[in-house]
Each structure stands twice: as C-alpha cells, then as structure tokens.
Amino acid sequence: MPVSTFDISRVIRPSILRLEPYRCARDDFSEGVLLDANENSYGPAYQTRVTCDDGQVRVAPQVDRLQLHRYPDPKGYEVKQRILKLRPSVGSVDNVFLGVGSDEIIDLIVRITCQPGRDSILITPPTYGMYKVVASINDVGIVKVPLIVEDGAFQLDVDAVIAAATGDSAVKVIWLCSPGNPTGTILREADVRRVLDSGFSGVVVVDEAYVDFVRAERGESYARLVAEYPGLFVMQTMSKSFGLAGIRLGVGIGGREI
C-alpha cells in the first residue's frame, strides 16, 4: 500500500486549526451542581405533575430522571461507549464524533476543510442530495464524477474519480455513498481502497447511513479501515435501522486527528 499523504495541517482550514476550543466546567467535571452553567435548578418550566399515594403533588418520575434542565456531557462519552458496543471494529471513543443528524456532520466536514469561493468537493451522482446543498450554502465548488450506471452497476468510475481528485488541488473532500442513496448499491471494497491509496491528500468520506441493511456476506462497514487510512471518515446514523430519527443523532468515525 502506498505511504499515506494525508496531513491534517494541510487539509483543515488554517482558521480552524488556530481555534481555541470553548471550554466549560462539564469538560472537567461530571458530578455536582456546576454554577457556571446558569441552569434553571427548578427544572423545566412545563412539567407533568402527578398526585402520589401520600397525597403530595410531585413531578412525574420520568421527567425528573431525564434531567432536561441540565446541560449534557459536551463530549457524549456515555453515548460513544454504547456506540463502541454496536461497532466493535472501532478502536476508541476518540474515533467517534456525534452530530445533530448526519446532515450536521456533512456541513461541518465541508466548513472545516473548504475555503469558501476557492475549494471544492467531489461527488458521484446519482447520490445523496445534501452534499450538493451544503456545498452551495458554503460557497464551495462541486466536481461531479458520475457512477457507472450501465447494466445497473451504479459503481465508482475509479480512474475518473482519482484523476479528478488528484488533478485539482482545490478538491478537499471526496464523498462516497455505500450503500448508495438512492441506488442501494454497495461500493466494491477494492474500488474504495484504490481511491484511498491514490495519493489524494484530502478527506475521503464514506456515507453509511444504510449499512445495517447490508447482509454480512455482501460487505461490511468501512469503519474498520479508519486505523489503516488516516484520511478516511465514515458517517453513520441512528435514524434508519435503529428507528431513532426523532433524536437526530449522526455518528462520525475517523482517526483521532479528524
């Protein structure tokens, strides 16, 4: 396998690399009443109250347990631990990112890698429409390399993808969708590996929103490759197979640097 050319300092926008992360008390403490958060200690303004057997009116137990008046752990540590149990091929919570649905993750990837009015992303239509929407909102160019559609293949035109991505330094992100939306096609691992081994110095994103609908003998998640390829980022979601669209939870899996 060729030596990786991925260099985080060359992929992420300089203004993002210079950022000093916002910190709050919950970055350092997991217990206690943290006064710096200015939370409403009386609980939610609208609560369901019930009359108990002793005649006292109290907040419904399920409302109290949710602790909706307290800010959550900003790093989502417990949620990430549960995701590791679902995805045993992922090495650590440091490899997991949580977003408000996959769409927020898509937006963040574009914003941290692409300079508006200068850089581009590469997509392989027919594919998920949000990549194009997010690029347009952020004034980022769009390079299109259509899938091979003959005989219903809906597979990557690998040579064309590599040529377009490595031949244009403005391309910072390659978006691959497997299983495809709307095609339903699983991209061949050999093709994905060729893109990853091509010398492209940006981020290769594999969108796996529907990966849990793939039979084991047909393929498995590319999340297992993030330790091998530092420029690979895999997106998943709790909205489809897990039936949790209402909580808007997207999952990103990649190297710790990303």
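Say we look at the range 51-65 and pick out the residues that are modelled with pLDDT of 70 or more and surrounded by fewer than 12 Cβ atoms within 10 Å (Cβ to Cβ); which of these is nearest to R26 (Cα to Cα)? Checking each candidate, the answer is R65.
Specify which of the listed residues (Y71, Y77) is within 17 Å of the chain's Cα centre (by Cα), surrounded by fewer than 20 Cβ atoms within 10 Å (Cβ to Cβ), touching a residue at least 12 places away in the same chain (Cβ under 8 Å) and within 30 Å of Y42 (Cβ to Cβ). On inspection, the qualifying residue turns out to be Y77.
Condition check for D207 on (1) modelled with pLDDT of 95 or more; (2) among the charged types (D, E, K, R); (3) open to solvent by 50 Å² or more (accessible area, probe 1.4 Å): one failure, at (3). Somewhere in the range 236-254, is a residue touching a residue at least 60 places away in the same chain (Cβ under 8 Å), part of a helix (DSSP H, G or I) and among the charged types (D, E, K, R)? No, the range 236-254 contains no residue that is touching a residue at least 60 places away in the same chain (Cβ under 8 Å), part of a helix (DSSP H, G or I) and among the charged types (D, E, K, R). Going by the conditions given, is A227 within 22 Å of the chain's Cα centre (by Cα), surrounded by 20 or more Cβ atoms within 10 Å (Cβ to Cβ) and either within 22 Å of A135 (Cα to Cα) or at pLDDT below 95 (or both)? Judged against the criteria, A227 is not a match. Residues that are in a loop (DSSP other than H, G, I, E, B) and open to solvent by 60 Å² or more (accessible area, probe 1.4 Å) were ranked within the range 215-224; the one that is farthest from K172 (Cα to Cα) is R215. Of the residues making up the range 189-204, those that are in a helix (DSSP H, G or I) and open to solvent by less than 40 Å² (accessible area, probe 1.4 Å) number 4.
Consider the range 214-235 and keep the residues that are touching a strand residue (DSSP E or B) at 6+ places or on another chain (Cβ under 6 Å) and in contact (Cβ under 8 Å) with a residue 60 or more places away in the chain. The one that is farthest from I186 (Cα to Cα) is G231. Please count how many residues of the range 88-99 are assigned to a loop (DSSP other than H, G, I, E, B) and buried (at least 18 other Cβ atoms within 10 Å of the Cβ). Number of matching residues: 1.
The values are calculated or read from the model by the stated rules, or taken from the named source; none is laboratory data. Remember, predicted model here, so these are calculated numbers, not experimental data. Quick reminder, even Gly has a Cβ in these numbers, built from the backbone with ideal geometry, and neighbours come from all protein chains shown. These area figures cover heavy atoms from the full protein model, side chains too; ligands, DNA and RNA do not enter into them. Shrake-Rupley method; radii C 1.70, N 1.55, O 1.52, S 1.80 Å.
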